[in-house]
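Worksheet for the structure shown next.
The values are calculated or read from the model by the stated rules, or taken from the named source; none is laboratory data. Since this is a predicted model, take the numbers as computed values, not measurements. Note that each Cβ is placed from the backbone with ideal geometry, even for glycine, and that neighbours are counted across all protein chains shown.
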Amino acid sequence: MTSALLIALALPCAAYAKVADEQAAELGQRLTPVGAEAAGNAAGTIPAWQPLRQETMKRGDNPYAQDKPLYTVTAANVAQYRDRLTEGHQQLFKIFPDYTMPVYPSHRSASYPDWFIEATKKNAQRVELTHNGYGFCCTAQGFPFPIPKNGTEVLWNHIMRYNTRGFRGYTNSAEIATNGAYVVERSYSELAYAYNDPKTTAEKLGNQNLYLFTKVVAPATRAGDATLLRVPLDRIKDLTGVWIWTENRPRRIGEVGYDNPLHDGLMTHDQVDMFNGPLDRYTIKLLGKREMLVPYDSYRLYDDKLKYKDIIRAGHINQDLARYELHRVWVLEAQVKQGTSHVYKRRVFYVDEDSWIVVAEDMYDQRDQFWRSAESHSINFANVPVMVNGIQVHYDLQSRRYVILNMTNEEKNTIEYDWSEGQGYFSPGNLKRFAGSTNGR
């Protein structure tokens, strides 16, 4: 990376708009159609991009099941790999002597529908940040910034990445105590995206991002009110609409984002999906790219032959089921802006170049002391195709507790992707039906 580009990456986001013709022409050439470096690294330890496409993919299929670990990082040899580990992973090795990271051959298999790729390539010269970077304009599909010029644009690519038109189904989470005790919480959700619907135009999109119905259905002691979210793209321009069904009526409540506590205070609301915004409380600096060991192609963690007790352990998940690979990631540092507040004074995000998914995150408290770490175990459902970061693990390393999200191993049916309903379906009036139905439908 040239010194001029490094200087440019550190400048405020307002200084930039669309990219030049010669830069845009690199998409599909030196760069992949979505903006990653197409070639592998010089050492041959990171391969060239080779998207995986399969017509069919049965539950439990693992395209890399025959791979064997290249090596395993342990507390005994962690110093050898320190420059390729997040601060969170380094802290896990310090706290838990049994913590390991099995490292497998790297695969760059991220694949997308053709229409999404074409939209992304066009976005390089038509999309601009708006409202101090809190929003963007001029597209309704694709990664908005395939050739990012600052940290804000990289984070927007994560927030607005392709997840199909929407999905519905059951997911399970658990909050794990220091002794390993936990209770599984089962939820049902229906989510539809306004952005990345191939039928949407920029004019019709307005400032809409997604719509969500969700409710906890088990255990009975935790089953509660159903919730409706209507999330705008620019969440500073328009507030998120939040309604709950309580006392036999829909009631609107205030914004639940930012650092409102979630899962017994083990994470914040804006940590859902690793980070979901809004963007107004942080100054986001792009530090560049690094080759790092990150969770990737974690098919074993989704296997329906596993029970939740096979995954959950005291202190951390069963690392024998995890998979780490060497990948290039964008590194962002977010600092709380003067005059605003957040429980995390500083956050460091690690964003995969091929999927634009935040694959890991480090979080620091008000004393700027390391506090929490999170990782997303992504896989490619190549038959859809879509890259998802379903299973996420959020570690509170000060309390030695953690929460795991989006487990589906014991569900009879998997998540239904490319499901969608229109804006009218996600109405406060329809919240009663959703709350009272046996499966949300």
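Taken over the range 225-240, the criterion of being charged (D, E, K, R) and either in a strand (DSSP E or B) or under 16 Å from residue 207 (Cβ atoms) (or both) is satisfied by 230, 234, 235, 237, 238. Those residues that are within 22 Å of the chain's Cα centre (by Cα) and hydroxyl-bearing (Ser, Thr, Tyr), I need them from the range 99-139; list them, please. Scanning the range 99-139 gives 104, 106, 109, 111, 112, 120, 134, 139.
Taken over the range 242-280, the criterion of being in contact (Cβ under 8 Å) with a residue 60 or more places away in the chain, of a type in the set (D, E, K, R) and surrounded by 15 or more Cβ atoms within 10 Å (Cβ to Cβ) is satisfied by 259, 273, 280. The test for being of a type in the set (D, E, K, R) and in contact (Cβ under 8 Å) with a residue 12 or more places away in the chain holds for residue 26. Looking at the structure I just gave you, is residue 162 part of a loop (DSSP other than H, G, I, E, B), within 22 Å of residue 302 (Cβ to Cβ) and not polar (S, T, N, Q)? Yes. For the range 241-259, a tally of residues being modelled with pLDDT of 95 or more, in a loop (DSSP other than H, G, I, E, B) and under 27 Å from residue 196 (Cβ atoms) returns 1. Residues of the range 121-151 that are touching a Pro at 6+ places or on another chain (Cβ under 8 Å) and within 16 Å of residue 201 (Cβ to Cβ): 123, 127, 136, 141. Restricted to the range 353-368, and to residues there that are without any contact (Cβ under 8 Å) to a residue 60 or more places away in the chain and among the charged types (D, E, K, R), the residue that is farthest from residue 112 (Cα to Cα) is 367.
Within the range 364-381, track down each residue that is surrounded by 20 or more Cβ atoms within 10 Å (Cβ to Cβ) and either farther than 20 Å from residue 294 by Cα or hydrophobic (A, V, I, L, M, F, W, C) (or both). If the condition is that a residue be surrounded by 20 or more Cβ atoms within 10 Å (Cβ to Cβ) and either farther than 20 Å from residue 294 by Cα or hydrophobic (A, V, I, L, M, F, W, C) (or both), then 371, 374, 379, 381 are the ones that fit.
Of the residues making up the range 210-217, one or more are assigned to a strand (DSSP E or B), touching a helix residue (DSSP H, G or I) at 6+ places or on another chain (Cβ under 8 Å) and hydroxyl-bearing (Ser, Thr, Tyr). Taking residues in the range 118-140 that are touching a residue at least 24 places away in the same chain (Cβ under 8 Å), and partners anywhere that are acidic (Asp, Glu) and part of a strand (DSSP E or B), the pairs with Cβ atoms closer than 7 Å and at least 6 places apart or on different chains are 136/128; 137/128; 138/128.
Quick grid of which residues meet (1) at pLDDT below 95; (2) touching a Leu at 6+ places or on another chain (Cβ under 9 Å); (3) within 22 Å of residue 280 (Cα to Cα):
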{"position": "321", "(1), (2), (3)": "no, yes, no"}
{"position": "332", "(1), (2), (3)": "no, yes, yes"}
{"position": "344", "(1), (2), (3)": "no, no, yes"}
{"position": "347", "(1), (2), (3)": "no, yes, yes"}
{"position": "366", "(1), (2), (3)": "no, no, yes"}
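Sub-6 Å Cβ pairs linking a first residue in the range 68-79 that is more than 10 Å from residue 100 (Cα to Cα) to a second residue that is among the aromatic types (Phe, Trp, Tyr) and surrounded by 12 or more Cβ atoms within 10 Å (Cβ to Cβ), at least 6 apart or interchain, are 69/104, ordered by first then second residue. Within the option set 351, 384, 359, being over 15 Å from residue 294 (Cβ atoms), touching a Phe, Trp or Tyr at 6+ places or on another chain (Cβ under 8 Å) and buried (at least 18 other Cβ atoms within 10 Å of the Cβ) holds for one residue only, 384. Exactly one residue out of 346, 300 is among the basic types (Lys, Arg), in contact (Cβ under 8 Å) with a residue 40 or more places away in the chain and surrounded by 16 or more Cβ atoms within 10 Å (Cβ to Cβ): that is 300. At least 2 residues being at pLDDT 95 or above and in contact with a Phe, Trp or Tyr (Cβ under 7 Å, 6 or more places away or on another chain) is the threshold, and among the strands (runs of 3 or more DSSP E) wholly inside the range 73-155 those reaching it are 101-103, 128-130. Of the strands (runs of 3 or more DSSP E) lying entirely inside the range 369-438, those containing at least 3 residues that are small (Gly, Ala, Ser) and in contact (Cβ under 8 Å) with a residue 60 or more places away in the chain span 370-381. Taking the listed residues 172, 179, 196, the one that is closer than 30 Å to residue 96 by Cα, at pLDDT 95 or above and in a loop (DSSP other than H, G, I, E, B) is 179, with no other qualifying. Considered as a group, the residues in the range 280-319 that are aliphatic (A, V, I, L, M) and touching a Gly at 6+ places or on another chain (Cβ under 6 Å) include one that is farthest from residue 340 (Cα to Cα), and that residue is 314.
Taken over the range 98-157, the criterion of being out of contact with any Lys or Arg (no Cβ under 8 Å at 6 or more places or on another chain), over 30 Å from residue 82 (Cα atoms), β-branched (Val, Ile, Thr) and buried (at least 18 other Cβ atoms within 10 Å of the Cβ) is satisfied by 117, 120. For residue 290, are the conditions met, namely being part of a loop (DSSP other than H, G, I, E, B), among the basic types (Lys, Arg) and surrounded by fewer than 21 Cβ atoms within 10 Å (Cβ to Cβ)? For residue 290, the condition - part of a loop (DSSP other than H, G, I, E, B), among the basic types (Lys, Arg) and surrounded by fewer than 21 Cβ atoms within 10 Å (Cβ to Cβ) - is not met.
Once the range 413-433 is narrowed to residues that are more than 13 Å from residue 229 (Cα to Cα) and touching an Asp or Glu at 6+ places or on another chain (Cβ under 9 Å), the residue that is modelled with the lowest pLDDT is 414.
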